[in-house]
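Nothing in this text is a laboratory measurement; each read-out follows from the coordinates by a stated rule. Just so it is clear, the structure is predicted and the values come from calculations on it, not from any experiment. When we count neighbours, we look across all protein chains shown, and the Cβ atoms used for this are built from the backbone with ideal geometry, even at glycine.
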Amino acid sequence: MKPGPLLFSAPLVLFALAMVACGGANHQLQSLSISPAAGATQVQFTAVGMFAGSSQTAPVSALWWTIQPWTYPPTPFSVSVSSTGFARCETFAPAGTYTIFAVAPVDPNTPLSKMSMSTKQVSATAQITCP
């Protein structure tokens with residue numbers, strides 16, 4: 001009796017089931033939030049992600065914007081935000097509240113440098129108040 005095709009495909013099926021059980025197929029960024037949600041004058045913001053299939057949150061790398069992501073031309077720079085999420089009011093900033101945007105790829109293996117407006121992504125906003 002010769003081994004059938006089922007015998008050869010069994011290891012592949014077991015591998016696929018193990019990947020799903022370990023979250024391999026679901027390790028996608030589901031949502032994004034920014035911590036803290038608001039601050040004044042100078043604030044270190046952190047992008048926090050929640051992944052599909054998990055109730056745990058973790059800091060994630062994100063692109064930071066002071067304007068609606070992927071829009072041009074930029075608005076006047078009353079607030080600046082670094083690539084690490086440090087936001088500050090410029091000395092000439094009119095008093096008021098400004099929105100900070102964070103954008104991260106759904107696929108955590110996508111480098112930020114390769115993101116574009118067509119990359120599957122999630123975003124979040126926070127506020128900074130300038131005196």
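Before moving on, here are some points about what is shown:
- Ranked for footprinting exposure by Cβ neighbours inside 10 Å, fewest first, W64, W70 give W70, W64.
- Residue exposure proxy: M50, M117, ordered by other Cβ atoms within 10 angstrom of their Cβ from fewest to most, comes out as M117, M50.
- Neighbour-count ranking [beta-carbon atoms within 10 angstrom, fewest first] of T66, T125, T41: T41, T125, T66
- Subtracting the Cα-Cα distance of A52 and H27 from 0.36 nm times their residue separation leaves 8.4 nm of extension gain.
- Nearest-0.05 FRET efficiency for T41 and V106, computed from C-beta distance (R0 30 Å): 0.35
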